[in-house]
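Novice: Mind looking over this structure? Questions follow.
The values are calculated or read from the model by the stated rules, or taken from the named source; none is laboratory data. Not measured: the values here are computed from a predicted model. For neighbour counting, all protein chains shown are included, and Cβ atoms are generated from backbone atoms with ideal geometry for every residue, glycine included.
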Amino acid sequence: MSVPAAVAALEHDLRAIFDARLRSIVAYAVAEPPPDGLTPTLVVVDTVRPADLTACATRVTAWQKAGFGTPLVLASGEFEASLDAFPLEFGAILADHVVLAGADPFGALQVKLPDLRRACEIQARSHLLHLREGIIEAAGSSEALLALVLRSAPALKALLAHIERLQLPAADATLSGIARLSTQAHFTADDAVQVVPGYLEAMTRLTNTIDRWVHA
């Protein structure tokens, strides 16, 4: 099977830097594609030394020109040890990744549901608090409420994607409807005024549900 030239060049550079310590090169998907369009990458090595990062810095521009984002460089075992700290971010990598070179570094790893629930609650509570703050700061301005809904929509979509993995017994269709509606070109300031009260109520319900949820 032929290997794309860009992938081969990336592996060549990384092997020149890490030599036998290089274990895996992985590309992964993210909920919100980066604005620069670069493919997120992760590199697993036996050990990470300061000189390695300095060497990577000399190649990062070439990697970006080839379409790859600045790689996350992790020492062997570091990903597994970090799953409880970053269950949303690293869980998303587990769910959607492609091994470009080397062995699959993840094996049978999976996020523990209690860690995922806690992270979802943190994200939901933060979203709710910022939503309340934004409503206050809007001071009744329909244009400010429109900006608030549009600004919060990407984070809401990411939150709903994470919550879907929790398999909550009852999902609130209000929030998914708001996330979908806010991306439409005809969504106006008057629309924002209409949806904000329901948005706030639904976020409150969702946050309380996550707080009380216990997986069977």
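Novice: Tell me the residue from A92, A103 that is among the small types (G, A, S) and surrounded by 15 or more Cβ atoms within 10 Å (Cβ to Cβ), please. Can you show your working first?
Specialist: On the way: A103 fails: surrounded by 15 or more Cβ atoms within 10 Å (Cβ to Cβ).
Among A92, A103, only A92 is among the small types (G, A, S) and surrounded by 15 or more Cβ atoms within 10 Å (Cβ to Cβ).
Novice: Having 1 or more residues that are under 15 Å from F106 (Cα atoms) is the bar; report the helices (runs of 4 or more DSSP H) wholly within segment 1-93 that clear it.
Specialist: Output list reads 78-82.
Novice: List pairs: first residue in segment 104-116 and assigned to a loop (DSSP other than H, G, I, E, B), second residue among the basic types (K, R) and surrounded by 15 or more Cβ atoms within 10 Å (Cβ to Cβ) anywhere in the structure, Cβ distance under 7 angstrom, at least six positions apart or on different chains.
Specialist: P105/R23
Novice: Does A119 count as buried (at least 18 other Cβ atoms within 10 Å of the Cβ) and assigned by TED's automatic domain parsing to the domain that holds V193?
Specialist: On the way: buried (at least 18 other Cβ atoms within 10 Å of the Cβ): yes; assigned by TED's automatic domain parsing to the domain that holds V193: yes.
Against the criterion (buried (at least 18 other Cβ atoms within 10 Å of the Cβ) and assigned by TED's automatic domain parsing to the domain that holds V193), A119 qualifies.
Novice: Looking at Q194, Q167, which is the one that is assigned to a helix (DSSP H, G or I) and either outside the structural domain of L83 (by TED's automatic domain parsing) or over 30 Å from D84 (Cβ atoms) (or both)?
Specialist: Details: Q167 fails: assigned to a helix (DSSP H, G or I).
Only one candidate passes the filter, namely Q194.
Novice: Give segment 135-189 a look and list any residue that's more than 21 Å from the chain's Cα centre (by Cα), at pLDDT 90 or above and surrounded by fewer than 18 Cβ atoms within 10 Å (Cβ to Cβ), or say none.
Specialist: Hits for segment 135-189 are I135, I136, E137, A139, G140, S141, S142, E143, A144, A147, T188, A189.
Novice: Only one of (1) outside the structural domain of R21 (by TED's automatic domain parsing); (2) over 23 Å from T47 (Cα atoms) is not met by A108, so which one is it?
Specialist: The failed condition is (2).
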